[in-house]
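This report refers to the structure that appears directly beneath it.
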Amino acid sequence: MRLRFEVTALGSASGPRRGILEIDRGEQGSTRVETPSFLKYTRHGMQPHLVPEVAAHMDEQPAATHVQLEDFLDEQAIEKRKFTELRKLAGIDQADIVMLDVLDPTITMRTGKSGEKFMGVDSEGGLRRLTPAAFAQAVNALGPDVAV
């Protein structure tokens with residue numbers, strides 16, 4: 001996979017800029033997104049308040065989907081290291097750019113505390129301790145285009 005960003009227009013020295021983000025997935029094709037752009041926020045891979053049947057009738061959909069790792073963690077996944085690829089799990093279009101974030105940015109009050117060797121993550125199954133190794137394994141298995 002190859003990620004490339006090209007600046008197409010600049011504002012003032014500290015002003016806005018426009019560009020094109022391109023992700024080339026080899027045999028799976030590539031996706032180009034003009035920036036700045038809207039990024040679909042999701043819970044469990046689904047856009048809140050927008051069912052797939054309605055989304056299918058919309059003229060334009062953003063080409064990027066934001067998902068949180070904490071939505072896909074459960075005891076089985078962490079302990080047995082079993083994950084399913086995000087696009088299959090959440091029914092995300094193959095052409096979409098999938099951005100995986102560890103934590104949901106809309107949640108400001110967290111019960112999970114992080115330590116030097118793990119991150120505390122509030123998942124559907126309760127508080128989980130996510131080590132760097134477990135995070136790397138989850139990212140590899142879930143297959144996002146971008147992980148932050």
Just need a number here: residues in segment 117-130 that are open to solvent by 50 Å² or more (accessible area, probe 1.4 Å) and either of a type in the set (Ser, Thr, Tyr) or touching a helix residue (DSSP H, G or I) at 6+ places or on another chain (Cβ under 6 Å) (or both).
0
Filtering segment 92-116 for residues that are of a type in the set (Gly, Ala, Ser) and either modelled with pLDDT of 80 or more or in contact with a helix residue (DSSP H, G or I) (Cβ under 7 Å, 6 or more places away or on another chain) (or both) leaves a count of 2
Restricting to segment 124-148, and then to whatever is more than 28 Å from Arg25 (Cβ to Cβ) and either charged (D, E, K, R) or not in a loop (DSSP other than H, G, I, E, B) (or both), can you tell me which residue is modelled with the lowest pLDDT?
Glu124
With (1) more than 23 Å from Val102 (Cα to Cα); (2) open to solvent by less than 80 Å² (accessible area, probe 1.4 Å); (3) hydroxyl-bearing (Ser, Thr, Tyr) as the list, and Ser37 as the residue in question, which single condition is left unmet?
(1)
Just to be sure before I move on: is Ala141 under 16 Å from the mean Cα position of the chain (by Cα), open to solvent by 30 Å² or more (accessible area, probe 1.4 Å) and without any contact (Cβ under 8 Å) to a residue 40 or more places away in the chain in the structure I sent?
no
Subset of segment 53-91, residues crowded, with 19+ Cβ neighbours inside 10 Å and at pLDDT below 70, comes to Ala77, Ile78, Phe83
Taking the residues in segment 92-116 that are of a type in the set (Val, Ile, Thr) and open to solvent by 40 Å² or more (accessible area, probe 1.4 Å) as candidates, determine which candidate is farthest from the chain's Cα centre (by Cα).
Thr111
I'd like the residue in segment 13-42 that is among the hydrophobic types (A, V, I, L, M, F, W, C) and touching a residue at least 60 places away in the same chain (Cβ under 8 Å) and, out of all such residues, is farthest from Ile92 (Cα to Cα).
Leu21
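The values are calculated or read from the model by the stated rules, or taken from the named source; none is laboratory data. None of these values were measured; they are calculated from a predicted model. Virtual Cβ from ideal backbone geometry, glycine too; neighbours counted across all protein chains shown. Accessible surface areas use protein heavy atoms only, side chains included; no ligands, DNA or RNA. Shrake-Rupley method; radii C 1.70, N 1.55, O 1.52, S 1.80 Å.
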